[in-house]
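Since the structure comes first, as structure tokens, the remarks are kept for the end.
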């Protein structure tokens, strides 16, 4: 590969270094984290933060997207002895949308033979968990979630977790147990050995997904790979490739080979391209072939709208916004045309067999999610959710990992009902929602309308939040939009972690607030979710380096700086002895009070 | 005035016209609203929306900021016969921070003599309300809140209002009653007759305040007037002028004379300037003089940190971020230095007498609000809140209107406790919070960290949300930041209105969603909070005019447009007869189901 190899963003974060924490059960595990160094005056240890950015932020690693990332899970997968390489399906012109040769995205140069389960074997993390096996992936995520903090079992928990089962200490055994009971998943296709394992479940850190993908109208492979790298740099835990149009197959290969995070897709999009975009002409055979094609490439989770049943379609007809899920509308149209249940529903067990052979996780799609405030929590939406609960049990019986997709557009007072009903119907299988958007009136700002709902549903128990960018409803997100969407959703996820009372979640807030109070400006920038923007905003008014140690900022100027005054107060108070002071002041304070409540 | 007259943004919103609704009790009332016209294909009436933008968005009015706005309330005020003009205080060099003549912001050209209550009279809306008088201001806000919708008493209410008393129909008598019991205020200084009355209370639309102001470090009068006009254009219901440094007096005069929304201030800022910035040297006399100075100019509400008492200061010493309120820290330092209660607390009844003579509303400041997640809901914060409750009763006894300021930085699970405790301590006096910010880790994005908390506390009963801009903690907001902050908070306020179930709140969401579903792109832009940004984002990928009527957008392209497919489904469904279809499909659906839950 030469000219096609796009440049992606690399380099360390400011004052940060990549560290790797080793496993104890599995010695070859190296869990990446980021350490943020603080100014010596802080007298604090570096802060360790969760790191989704992969080797791209590690100056010690030279990446080349034409080679792909190191397949760090390869040996773990092979060591289990339950998969075998095989020839795999050959790429067909339909896979890339019959694109002409001159417009074909080049194939990824170094294609491996795919792996799949040996006959009769289930190679899913769920199967291993049920068998009592703690896989390297499980130990990896246990270390990753813990972020080197000490066990918190002695801490006073501060939070409201609405009946979650958050432990003080995240052990590999706890991870295994959560997966075994279906309450968490590790999306980890055996053909995506480049991925750094991560876990999705209500008793873990809330995760964020970023969508991207080419469409028939715009964007190219190079842009998409760069967007993926960019999205994980800012904190995306998984990426969904929602490409439509041409070159879908080859673009996806480039993305998967270079992605350290799980990749999700909606296979019906590609299947539809293969039948020329005519929904009615979709067949089980085309769809099945697409599932295998994508499973062989290493897609980690599939959105499958199998819960949308024929009798639910009429329930959407009087909605304000009908069906707004692309996949859902395609399936609904197929069902209506053929007057029968979809092949997704009828063939669900066969789909499970495919997923089980590669460990592709299910993301059971909510094809009938509301597309407007008016349609939230209606009969169509909840009927489908109930069906998703039935399908969850079927997938579990097949040893498949499952999460459930959720809305959409939902006013605040209806959000908790979604979470509660999902937990009830789906027996605590992880919930994965798009937003929800809490009002319809702000196109251009739907990262915010939805960030509000995302934070709330994350608090209530949602395990992963699918980001929404400022371009939602209006156009395809560019690089800036992707970053804004990811940061907004990291905020929502972190606000949820705090409110749930996840042990250790507040450490970064506290470190940043101490830096703020002590006027360690550089530390404040470096500890933030987006150091570049924080520094840039500060420098717009006070650019001089001297101001980085100034005991004030441009908001108030030196005379009005409350923090500066607080330091004076603290100094004075400590001089006099605090406890004595409080006692004395309270006593004297009473004497000073000439006022009485004189309601009249 | 010639050169000093800055240009402000004027002009109508797209497809919009300013209308005025007349009063029935008071015939000279003309309540401004905005009508958004829809495409003829919609077959819908224009949508009426609440309009804070004043005459600046009315092409029929020629504004000139050197003349100021028409004093529309002047006759109402004079007709009550309880105020008299007087000479007023003369402007002193200290009022403008002893600025040198060459740097002095010019005085506003057309200064009126101030009004104040005749001896012994209370000229507050609260006094009138208690006397059973429905003032023009009260009728004005009743019409304004109703937005021309029909009474909603017959509607099925959809929302959770946590014990609020939201009526189906907002009558002038209801407004009077809410004010009389202290549950709402109309900030309306007799010396700010240019203001279009608005109401703040939990049973009305949630309001938004935008802060602005010069500081010693940066910004000028011209910028500030423009920012005010800009902020109200995007929806700010009130504006706080938080200027420090020089030219405070003259800048404020320009702002008030040109503001159709209530103006709030924190008088201690100017008082501190008058004593050279040395907190300990503040005196009651300087402060009192400042209150009168600002009351004569027409400031509609004062933030007064009278609830911060001496014995509370030691409670802040072990906080992560001490005292972060500027006013609070000034008062705390004063208290500590003098070892006595502040003159704000000791002289509170005298302050009430001043406010009562001009109808300046109280915004009782939360000088001890938390500045970090770690400090939320602590003893210092709640001790002050309890004192604010006592002061509320004293102010009410003096016929003064009161609202209460609230935090700050608060994780989601602690927000409701703030609202509940405020209602309990302050007997439902309107709550007015800054955010709250739900995490500390995202400087540069604190409009979002706080927009989440603002939406939630608005839902829980908070009456007004003080915006936070992206520059919070980092620098002074510029025009773009002001707009982003206001729009974010309009989203939060509206999301809260929806969740509370305010009658009619969903009309705009529904109209926009219908436009979206019917591919009326122009209507979608025009109905949104920010038509310019929505249109711009759309046009970045699909700029051609033809695409404004296209039945798809760049997100999915024509083939994958769920809305387009939904229309096909709807057409087909209606052809077959919906009810019959649903019945038939449900029956047949059962036959198709080969799957059973086979948990194992």
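Screening the candidates B:390, B:386 for the property of being at negative phi, more than 11 Å from chain A (Cβ to nearest Cβ), assigned to a helix (DSSP H, G or I) and surrounded by fewer than 24 Cβ atoms within 10 Å (Cβ to Cβ) yields one hit, B:386. All but one of (1) buried (at least 24 other Cβ atoms within 10 Å of the Cβ); (2) within 7 Å of another protein chain (Cβ to nearest Cβ); (3) closer than 26 Å to residue B:517 by Cα hold for residue A:475; which doesn't? The one condition residue A:475 does not meet is (1).
The condition (being modelled with pLDDT of 95 or more and touching a helix residue (DSSP H, G or I) at 6+ places or on another chain (Cβ under 7 Å)) is satisfied by just one residue among B:463, B:455: B:455. Going by the structure shown, is residue A:440 at the interface with chain B (Cβ under 7 Å from one of its Cβ atoms), in contact (Cβ under 8 Å) with a residue 60 or more places away in the chain and in contact with a strand residue (DSSP E or B) (Cβ under 7 Å, 6 or more places away or on another chain)? Here the answer is yes, as residue A:440 does meet what is asked. Filter the range B:92-114 for residues that are within 30 Å of the chain's Cα centre (by Cα) and more than 30 Å from residue B:133 (Cα to Cα) and give the result. Hits for the range B:92-114 are B:95, B:96, B:97, B:105, B:106, B:107, B:108, B:109, B:110, B:111. Among the residues examined, residue A:442 qualifies as modelled with pLDDT of 95 or more, assigned to a loop (DSSP other than H, G, I, E, B) and either under 21 Å from residue B:161 (Cβ atoms) or in contact with a helix residue (DSSP H, G or I) (Cβ under 7 Å, 6 or more places away or on another chain) (or both). Taking the listed residues A:430, A:436, the one that is surrounded by 24 or more Cβ atoms within 10 Å (Cβ to Cβ) and out of contact with any helix residue (DSSP H, G or I) (no Cβ under 9 Å at 6 or more places or on another chain) is A:430, with no other qualifying. Does any residue of the range A:403-425 turn out to be within 30 Å of residue A:78 (Cα to Cα) and touching a strand residue (DSSP E or B) at 6+ places or on another chain (Cβ under 7 Å)? Yes - at least one qualifying residue is present in the range A:403-425.
I need the full set of residues from the range B:186-195 which are surrounded by 24 or more Cβ atoms within 10 Å (Cβ to Cβ) and touching a helix residue (DSSP H, G or I) at 6+ places or on another chain (Cβ under 7 Å), in order please.
Residues satisfying the conditions are B:186, B:188, B:189, B:190, B:191, B:192.
Does any residue of the range B:321-332 turn out to be touching a residue at least 12 places away in the same chain (Cβ under 8 Å) and more than 20 Å from residue B:385 (Cβ to Cβ)? Scanning the range B:321-332, I find no residue that is touching a residue at least 12 places away in the same chain (Cβ under 8 Å) and more than 20 Å from residue B:385 (Cβ to Cβ), so the answer is no. Checked against (1) in contact with a helix residue (DSSP H, G or I) (Cβ under 7 Å, 6 or more places away or on another chain); (2) over 30 Å from residue A:226 (Cβ atoms), residue A:270 meets all criteria but (2). I'd like the residue in the range B:393-439 that is part of a loop (DSSP other than H, G, I, E, B) and under 25 Å from residue A:498 (Cβ atoms) and, out of all such residues, is nearest to the chain's Cα centre (by Cα). Selected residue: B:435.
Here residue B:65 passes the criteria (1) modelled with pLDDT of 95 or more; (2) under 23 Å from the mean Cα position of the chain (by Cα); (3) under 19 Å from residue B:257 (Cβ atoms) except the one numbered (1). Entry remark, the range B:171-191: residues being closer than 14 Å to residue B:358 by Cα and out of contact with any strand residue (DSSP E or B) (no Cβ under 7 Å at 6 or more places or on another chain) number 3 in total. Looking at the range B:1-71, the strands (runs of 3 or more DSSP E) lying wholly inside it that each contain 3 or more residues that are surrounded by fewer than 18 Cβ atoms within 10 Å (Cβ to Cβ) sit at B:16-22.
The values are calculated or read from the model by the stated rules, or taken from the named source; none is laboratory data. Note that the structure is a prediction, hence the values are computed from the model and not measured. So basically every Cβ, Gly included, is an ideal-geometry build from the backbone, and we count neighbours across all protein chains shown.
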